[in-house]
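Taken together, the values in this text are just the output of simple stated rules run on the coordinates, not laboratory data. From a predicted model like this one, the values you see are computed outputs, not experimental measurements. FYI the Cβ positions are ideal-geometry reconstructions off the backbone, even for glycines, and counts take in every protein chain you see.
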Amino acid sequence: MVIPLMVRKCQPPPFIAAKAYANFVDSYEVGLNQLIPVLKETVSENVEEPPPGNNVESVDPKQVAQLYAAIKQAVASFKAPPKQPKGLARPGVPTSTRKCFVIMPFGDSALQIVYEDIVRPVIDRCGLDCERGDDAFGSNVIVEDITASIEAAAILVADLTGRNANVFYEVGIAHAISKPVLLITQSIEDVPFDLRHRRVIPYEYSLRGGKRLEGALHDHLTAMIKNLA
């Protein structure tokens, strides 16, 4: 028999909600009071009733206390917030403290101007070694090359303009291995909702917008470099 335990607030599926389950979300005692009767009922179904008149073996209080402690420890471990990974980068992959890898679509003439006239010069001015996938590997870049560059970089800049699938994929790799990523975009609507709490610089594709992007990019990169120390 499976006894569902609820340790975080959620909407249980109908097939579980219709069954008996122990709710430890608001109170340990409430959940325990729901769980113990189900356990007793399960045990009683599998144990033959002793003949009338026979002595019934008493339950060892130490065993009951051990059961309570084990259940409490299990519930506490489930309710504890998950530990944040320190990084999932492959061992042996060196990280350059001065390398900044740029993630953006290839072949877009407008974004190429943004990269050549704004992004790359600012990165160079900040004292970082700028690299983009097609700079290092040409037009035949493969996923393994990109992944290696992401792992080796200290900081990444990603342009989400146009919601390019490859860009999102590479940003996901960077976040998975706990790399600091500075997001830029011409439209905040191109940034997925769950990424909007991160560093995001919206910019306008114009002369004035380029100047603002230049300043914001420099300020954010400078702050990120300080955090590397």
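Annotations for the structure displayed:
- Overall form of the range 99-228 per C-alpha gyration tensor (a/c, 1.5; a/b vs b/c): rounded
- Loop GluC sites (Glu not before Pro), the range 120-229, which have at most 14 other Cβ atoms in a 10 Å radius of their Cβ (DSSP): E204
- Amide H partners (placed H, <5 Å) of L182, local residues excluded: L156, V157, A158
- Taking other C-beta atoms within 10 Å as the exposure proxy, K211, K99 rank K211, K99 from fewest upward.
- Relative contact order (%) - the range 99-228, alpha-carbon pairs under 8 angstrom, separation at least six: 26 percent
- Burial ordering of L213, L5, fewest other beta-carbon atoms within 10 Å first: L5, L213
- Residues A176 and A70, FRET efficiency given R0 of 30 Å [Cβ-Cβ distance, rounded to 0.05]: 0.30
- The fewest-to-most ranking of D219, D60, D190 by surrounding Cβ atoms within 10 Å reads D60, D219, D190.
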